[in-house]
1. Please enumerate the residues belonging to segment 98-111 that are in contact with a helix residue (DSSP H, G or I) (Cβ under 6 Å, 6 or more places away or on another chain) and either surrounded by fewer than 20 Cβ atoms within 10 Å (Cβ to Cβ) or not in a helix (DSSP H, G or I) (or both).
2. Can you confirm whether segment 2-9 contains a residue that is of a type in the set (Lys, Arg), in contact with a Lys or Arg (Cβ under 8 Å, 6 or more places away or on another chain) and more than 16 Å from the ligand (Cβ to nearest atom)?
3. Looking at segment 13-37, I want the residues that are without any contact (Cβ under 8 Å) to a residue 12 or more places away in the chain and have a partner that is of a type in the set (A, V, I, L, M, F, W, C) and within 16 Å of the ligand (Cβ to nearest atom) with Cβ atoms under 7 Å, at least 6 apart or on another chain. Which pairs are those?
4. Among the residues of segment 45-78 satisfying the criterion of being buried (at least 19 other Cβ atoms within 10 Å of the Cβ), not β-branched (Val, Ile, Thr) and not in a loop (DSSP other than H, G, I, E, B), which is nearest to the chain's Cα centre (by Cα)?
5. Might you check whether a residue that is modelled with pLDDT under 95 and closer than 19 Å to Gly304 by Cβ occurs anywhere in segment 45-64?
6. So which residues in segment 43-60 are out of contact with any Pro (no Cβ under 9 Å at 6 or more places or on another chain) and within 13 Å of the ligand (Cβ to nearest atom)?
7. On the given criteria, is Asp13 within 14 Å of the ligand (Cβ to nearest atom) and either at pLDDT 95 or above or exposed (fewer than 15 other Cβ atoms within 10 Å of the Cβ) (or both)?
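The values are calculated or read from the model by the stated rules, or taken from the named source; none is laboratory data. Values in this document were obtained by computation on a predicted structure and should not be read as measured data. Quick reminder, even Gly has a Cβ in these numbers, built from the backbone with ideal geometry, and neighbours come from all protein chains shown.
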Amino acid sequence: MSKSVLNQPQFHDEEAAYAYVEARIWPRGPVCPHCGGVERNRKMEGKSTRIGVYKCYDCRQPFTVKLNTIFESSHIELRLWLQAIFLIASSKKGVSSNQLHRTLGITLKSAWFMSHRIREAMKDGGLDVFGSGGGAVEIDETFIGHDHTKKPKGQKKGRGFEHKNKVFSLIDRTTRKARSVVVDNLKASTLRPIMMANIAREAYVMTDEAAQYTNRYSNLGRFFANHGVVRHAAKGYVNFNDSNVHSNTIEGFFSIFKRGMKGVYQHCAHNHLNRYLAEFDFRYNNRIALGVDDQQRAETLLKGVKGKRLTYRTIGQ
Ligand SMILES: [Zn+2]
């Protein structure tokens with residue numbers, strides 16, 4: 001018998017799919033999402049009952065494991081959701097909505113909706129700070145596509161990147177993890193609150209020589225224990241006084257992100273970009289090089305489905 005992951009029952013059988021998700025979302029047994037009750041939940045049996053329905057005898061309301069997750073009020077079978085999660089978690093560069101539409105046999109609209117909900121589940125909430133214990137944190141920004149919420153082209157323009165989407169990223173060089181956010185502009189007053197919320201005061205922060213990091217008032221040396229400046233103008237991207245000061249890690253991250261966005265997703269609307277970033281952060285933070293295999297990555301993704309109905313961004317807001 002083949003050991004193919006795709007032979008696992010949760011991908012084919014709806015009851016097995018529910019059992020699989022329940023075991024992960026309710027490791028200690030069902031929890032009523034209405035009142036939080038854990039004692040008097042009974043599984044509804046009987047031929048006319050839908051799969052996975054429980055009733056809470058504290059508040060007398062029915063519920064399933066899908067409530068208060070990305071699966072809530074979706075008409076797509078749970079086993080197809082699990083297939084989509086596995087496909088997205090195990091692919092190195094992402095899966096387009098078109099591909100999901102063809103592989104799962106669902107409409108393009110459903111596939112699009114599904115993949116955005118799954119990206120939402122990839123957001124980690126960003127609770128831990130980077131650079132704790134004085135570790136190095138690389139900071140940089142990049143531009144991708146056009147921000148259609150800004151003035152159309154042809155009007156008065158500043159520098160070339162004015163109408164592009166702006167992405168601001170941090171990488172903790174010790175844990176080798178990334179965190180990214182869409183920003184409206186690159187002013188120090190926009191970036192500093194994000195840095196203050198996500199980086200430890202004792203960190204060694206590495207940036208390029210851009211004014212928002214180095215000028216008199218926004219100099220990061222005032223806010224963090226150490227600030228190393230990389231001279232892009234010089235040959236290479238290192239500071240020759242200290243070879244530890246470089247931005248090679250974050251340059252590498254941006255190149256994966258850009259190749260992925262161009263190759264798989266082609267273009268994306270400004271208001272969805274934060275979810276694509278969550279996907280690239282997630283994939284980078286759960287990569288093979290950090291010892292995470294496909295199955296573990298899918299499991300981590302599945303743990304993130306809880307409480308993710310709304311689309312909001314916790315970082316930097
Ligand atoms: Zn209840």
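1. Just the residues of segment 98-111 that are in contact with a helix residue (DSSP H, G or I) (Cβ under 6 Å, 6 or more places away or on another chain), to begin with: 100-101, 104, 108, 111.
If the condition is that a residue be in contact with a helix residue (DSSP H, G or I) (Cβ under 6 Å, 6 or more places away or on another chain) and either surrounded by fewer than 20 Cβ atoms within 10 Å (Cβ to Cβ) or not in a helix (DSSP H, G or I) (or both), then His101, Leu104, Leu108 are the ones that fit.
2. No, that holds for no residue.
3. These pairs meet every condition: Val31/Val38.
4. The extreme case among them is Leu78.
5. Looking through segment 45-64, none of the residues is modelled with pLDDT under 95 and closer than 19 Å to Gly304 by Cβ.
6. Of everything in segment 43-60, those that are out of contact with any Pro (no Cβ under 9 Å at 6 or more places or on another chain) and within 13 Å of the ligand (Cβ to nearest atom) turn out to be Tyr57, Asp58, Cys59, Arg60.
7. Numbers: within 14 Å of the ligand (Cβ to nearest atom): no; either at pLDDT 95 or above or exposed (fewer than 15 other Cβ atoms within 10 Å of the Cβ) (or both): yes.
No.
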